[in-house]
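Undergrad: Let me begin by handing over the structure; questions about it come next.
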Amino acid sequence: MSQPISLNDPIEICGLKIKNRLCKSAMSEQLGGRNGEATKALETLYKTWAQGGFGLQITGNVMIDARHCGEPRNVIVENRNHIEALTRWAAAAQENQTYCWVQLNHPGKQAPKHVDKQPISPSAVPLGQGMDKIFNVPRVMTEDDIADVIQRFTNATLICQEAGFSGIQIHGAHGYLISQFLSSHHNRRTDRWGGSLENRMRFVIEVYRAMRAAVGKTFPIGIKLNSADFQRGGFTEQESMTVVQTLESEGIDLIEISGGNYEAPAMMRPKKRSTIEREAYFLEYAETLRSHVQVPLVVTGGFRTAKAMSNALASGALDMVGIARPVSVFPNLANQLLTNPATNGSYAYPSTGIKFIDKIAVMDINWHEHQLKLLSSGQPPNPSLSPWWIAWRSIRGILKSGSQKRRA
Ligand SMILES: Cc1cc2nc3c(=O)[nH]c(=O)nc-3n(C[C@H](O)[C@H](O)[C@H](O)COP(=O)(O)O)c2cc1C
């Protein structure tokens, strides 16, 4: 019988020999320059994680269209104007035999008013849950818009490849544009881009095919995909499995599993307490998926201890473990996980204890984002950072700008 896979085992993906099974998942940094260029702060941050031991790291979501950003200070790749800065970022992020892939994203309607006055989406369905105060109703995309976005994904892929990144991850999860196309709640189109699952997934397939045709078979392309939207009428587990099978048959190199969107943020905090306690939020889905596909799988969301990660890998349900929030406070976590089986990357969940305040302060995001800022300026993170301080800063920001941001 073959040995179960362990965290230290290398894995080969599309010709890349990745040194271990730990993947730093995407966390939007909001550390881009005024013109969407990569910055010294990003170099410092990603160098820290590269030295921290990850085999693979995925950047925070990088925008493909300056007119449609998801957040202020996103990195934007729509032309070669800032290729030198991008090249420096790629080099810093790939020290210590780490590979870094860029996560490319179009936010669609999940772009707040103060960033995008006129967002686009497959259909003019506003975001619910009171988010209409923060996000404008999207304009329905035309055929030309669709062709333009596909072209932009392709163009950005070529520029990132030229800059020296070793792969691309398409952001197909968390309610952004690709995820909006996949969901029958958000996509009400009656043309070839909507209706049946075959039509709803046409967009992601066309994006992937165009990118693949541009870079060839030897440059890795992966995708982050929802296991489900956890929303009535949204993308279901069954549909997700069909999309994974289709992408596998198209030749995709890696699938990262997550779930949820702004309206139902399951990727950050699942509803069931038992799911949180079990650590890996989407493991059950991955177990079922594994029996249908061979494509390498990363599962992200909730992993904290070496024990849970090792068990999940040993089960064969996944090929790599995705970790995001813990490495904002423990940047050396991967090295520790690889050398000490008793490692536990848990820390106090940032909360004021008042749900309403945490919600308007977008606590989970803003608290972790502040840790990224500290790391990016060469300072140590602060796991005991007061959630009340984050709440005060966020609420002051809302009062000043009349709006608040977003997401994951
Ligand atoms: C500050 C912050 C920013 C995030 N930005 C992104 C992003 O740009 N793209 C993405 O796919 N996920 C993003 N996420 C979600 C994470 O990748 C991950 O799916 C989620 O945090 C659950 O994993 P964890 O329990 O290991 O943190 C973000 C999460 C945080 C906390």
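The values are calculated or read from the model by the stated rules, or taken from the named source; none is laboratory data. Keep in mind that this is a model prediction, so the values were computed, not measured. Virtual Cβ from ideal backbone geometry, glycine too; neighbours counted across all protein chains shown.
Undergrad: Out of (1) surrounded by 15 or more Cβ atoms within 10 Å (Cβ to Cβ); (2) at pLDDT below 95, the odd one out for ILE252 is which?
TA: The one condition ILE252 does not meet is (2).
Undergrad: Looking for whichever is surrounded by fewer than 17 Cβ atoms within 10 Å (Cβ to Cβ), touching a residue at least 24 places away in the same chain (Cβ under 8 Å) and not charged (D, E, K, R) here; the options are THR48, THR44, THR59, THR39. Which one fits?
TA: Within the list THR48, THR44, THR59, THR39, the selection yields THR44.
Undergrad: Regarding segment 258-265, can at least one residue be identified that is hydroxyl-bearing (Ser, Thr, Tyr) and assigned to a strand (DSSP E or B)?
TA: Yes, because at least one residue in segment 258-265 is hydroxyl-bearing (Ser, Thr, Tyr) and assigned to a strand (DSSP E or B).
Undergrad: Name the residue that is farthest from the ligand (Cβ to nearest atom), counting only residues in segment 235-269 that are in contact with a strand residue (DSSP E or B) (Cβ under 6 Å, 6 or more places away or on another chain) and farther than 19 Å from ARG200 by Cβ.
TA: Going through the qualifying residues, I end up with ASP253.
Undergrad: Quick check on this structure: which one of ARG73, ARG67, ARG80 is within 14 Å of the ligand (Cβ to nearest atom), touching an Asp or Glu at 6+ places or on another chain (Cβ under 9 Å), farther than 25 Å from ILE255 by Cα and in contact (Cβ under 8 Å) with a residue 12 or more places away in the chain?
TA: ARG73
Undergrad: Sort out for me the helices (runs of 4 or more DSSP H) sitting completely within segment 128-210 that have 2 or more residues that are at pLDDT below 95 and among the hydroxyl-bearing types (Ser, Thr, Tyr).
TA: The helices (runs of 4 or more DSSP H) meeting that bar number zero.
Undergrad: Six or more apart or on different chains, Cβ under 9 Å: which pairs go from a residue in segment 95-110 that's acidic (Asp, Glu) and modelled with pLDDT of 95 or more to one that's outside any loop (DSSP other than H, G, I, E, B) and within 16 Å of the ligand (Cβ to nearest atom)? Could you list them?
TA: From segment 95-110, the pairs are GLU95/TYR46.
Undergrad: On the given criteria, is VAL329 touching a helix residue (DSSP H, G or I) at 6+ places or on another chain (Cβ under 8 Å), within 16 Å of the ligand (Cβ to nearest atom) and on the phi > 0 side of the Ramachandran plot?
TA: The answer is no for VAL329.
Undergrad: Can you list residue pairs whose Cβ atoms sit under 6 Å apart, with the first residue in segment 366-384 being under 22 Å from GLU71 (Cβ atoms) and the second being within 12 Å of the ligand (Cβ to nearest atom) and part of a loop (DSSP other than H, G, I, E, B)? Count only pairs 6 or more apart in sequence or on different chains.
TA: If the second residue must be within 12 Å of the ligand (Cβ to nearest atom) and part of a loop (DSSP other than H, G, I, E, B), the pairs left are TRP367/PRO350; HIS368/ARG325; LEU372/GLU29; SER376/LEU31.
Undergrad: More than 24 Å from ASN344 (Cβ to Cβ) and either in contact with a Cys (Cβ under 6 Å, 6 or more places away or on another chain) or not in a loop (DSSP other than H, G, I, E, B) (or both), is that true of GLN294?
TA: For GLN294, the condition - more than 24 Å from ASN344 (Cβ to Cβ) and either in contact with a Cys (Cβ under 6 Å, 6 or more places away or on another chain) or not in a loop (DSSP other than H, G, I, E, B) (or both) - is not met.
Undergrad: Working only within segment 1-47, note down all residues that are farther than 22 Å from LYS224 by Cβ, polar (S, T, N, Q) and either modelled with pLDDT under 95 or within 16 Å of the ligand (Cβ to nearest atom) (or both).
TA: SER2, GLN3
Undergrad: Okay, next question. Among residues belonging to segment 193-239 that are without any contact (Cβ under 8 Å) to a residue 24 or more places away in the chain and of a type in the set (Ser, Thr, Tyr), point out the one that is nearest to ALA147 (Cα to Cα).
TA: If we take residues in segment 193-239 being without any contact (Cβ under 8 Å) to a residue 24 or more places away in the chain and of a type in the set (Ser, Thr, Tyr), then SER196 is nearest to ALA147 (Cα to Cα).
Undergrad: I need every pair where a residue in segment 166-191 that is more than 11 Å from the ligand (Cβ to nearest atom) has its Cβ under 8 Å from the Cβ of a residue that is small (Gly, Ala, Ser) and modelled with pLDDT under 95, sequence separation at least 6 or different chains.
TA: Close Cβ pairs satisfying both conditions: SER183/GLY233; SER183/GLY234; SER184/GLY233; SER184/GLY234; HIS185/GLY233; HIS185/GLY234; HIS186/GLY234.
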